[in-house]
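Accompanying notes for the structure given below.
The values are calculated or read from the model by the stated rules, or taken from the named source; none is laboratory data. In this text, all values refer to a predicted model and were calculated from it rather than measured experimentally. Here the Cβ is made from the backbone with ideal geometry for all residues, glycine too, and neighbour counts use every protein chain on show. Each accessible area value is taken on the protein alone, full model and side chains, heavy atoms only, with ligands, DNA and RNA left out. Shrake-Rupley method; radii C 1.70, N 1.55, O 1.52, S 1.80 Å.
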Amino acid sequence: MPLSLFSQSFQMHPLRKLSVKGDFNGDGTKEILYQGNYSKVINAEIKNAPDPSFENWDDVVAWFYEQQSDVTLSFKGGRKLHLGVGQGLYCLINVGDLNKDGRDEIALVVDRCDQSRVNTCFIYSYCKNSWVVLKSFEILEDAFDYVGSTAPNFKIIKDYLELKKGKWYYQDYNKIRYNSSSEAIQKLRRLVISKCN
C-alpha cells in the first residue's frame, strides 16, 4: 500500500478564499458569500495545501483527493453550496439580478484538480432555499493567467464573461472551438437567464 500523502513533506501555501457581497436570498439586505474548502477526513477547513509552483501536480491532485476536499460557498442563514474536489475558485462574481427576481446571481469557475485547461463557468441563483444552476458555458482557463505572485480578484472572465455598458455578455468556448473565424471568436452574446422554477 502506498505511503499516505498526509505523511509526506510538501512546500505548503495558504489557500486563497474568495468572497462576494450581494442580496442572494432576496430579503433586501446584502449578505457576504464566503468560499471555503473543507476536508472530510480531518473534519476541518483546509487552510494550507501543497503549492503547485513547487510540487508535482499529480501529487497536489492526489493530496486534495486524499483530503476528500470540498470547495463550498455559504452565507449566514443560507444553505451551503458544495462544489466538490478542487483547490478553490478561479473567480466568484456577483453578476446582479439577471432574471429580475429580486435576487443577485453569481458566476463562478472552480479550480478543479484535473489536467484540463477547459473549464466551465456556472451561473447560480439561490432559489427556494437552495442553490440552482441557471446557466453554464465552457471557458479556457487561460483567461485567469496573470503575471506576478498574487492572483488578482477577477471581476470578469476575459473573452468569456464581460460587463459592457451595464449588461453582461458571454461566449461559450464549446461553440467556437471549431470555428476559426476571428469575428466569431470575438463576438460575445447577451447573457439572459431564466427565472428559477
Can you tell me which residues in segment 108-117 are farther than 19 Å from Val192 by Cβ, among the hydrophobic types (A, V, I, L, M, F, W, C) and either open to solvent by 50 Å² or more (accessible area, probe 1.4 Å) or within 9 Å of the chain's Cα centre (by Cα) (or both)? Val109, Val110
Out of segment 49-90, which residues are open to solvent by less than 80 Å² (accessible area, probe 1.4 Å), assigned to a strand (DSSP E or B) and of a type outside the set (A, V, I, L, M)? Pro50, Ser69, Asp70, Thr72, Ser74, Gly84, Gly86, Gln87, Gly88, Tyr90
Could you check segment 36-48 and list, in sequence order, the residues that are hydrophobic (A, V, I, L, M, F, W, C) and either in contact with a Leu (Cβ under 8 Å, 6 or more places away or on another chain) or buried (at least 16 other Cβ atoms within 10 Å of the Cβ) (or both)? Ile46
Scan segment 18-35 and tell me whether some residue there is surrounded by 18 or more Cβ atoms within 10 Å (Cβ to Cβ) and more than 30 Å from Asn99 (Cβ to Cβ). no
Tally up the residues in segment 96-107 that are assigned to a strand (DSSP E or B) and surrounded by 20 or more Cβ atoms within 10 Å (Cβ to Cβ), please. 3
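Every residue, every condition in (1) over 28 Å from His13 (Cβ atoms); (2) touching a Cys at 6+ places or on another chain (Cβ under 9 Å); (3) not charged (D, E, K, R), yes or no:
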| position | (1), (2), (3) |
| --- | --- |
| Pro52 | no, no, yes |
| Leu81 | no, no, yes |
| Arg117 | no, no, no |
| Cys121 | no, yes, yes |
| Tyr126 | yes, yes, yes |
| Phe137 | yes, yes, yes |
Six or more apart or on different chains, Cβ under 7 Å: which pairs go from a residue in segment 26-40 that's without any contact (Cβ under 8 Å) to a residue 12 or more places away in the chain to one that's open to solvent by less than 20 Å² (accessible area, probe 1.4 Å)? Could you list them? Lys30/Gly22
Contacts under 7 angstrom Cβ, first residue in segment 78-89 being more than 12 Å from Arg16 (Cα to Cα) and free of Cβ contacts under 8 Å to residues at least 24 places away in the same chain, partner β-branched (Val, Ile, Thr) and part of a strand (DSSP E or B), 6 or more apart: Lys80/Thr72; His82/Thr72
In segment 107-148, the residues that are among the acidic types (Asp, Glu) and out of contact with any strand residue (DSSP E or B) (no Cβ under 7 Å at 6 or more places or on another chain): Asp114, Asp142, Asp145
Could you pull out the residue among Glu138, Glu162 that is at pLDDT 95 or above, in a strand (DSSP E or B), open to solvent by 40 Å² or more (accessible area, probe 1.4 Å) and acidic (Asp, Glu)? Glu138
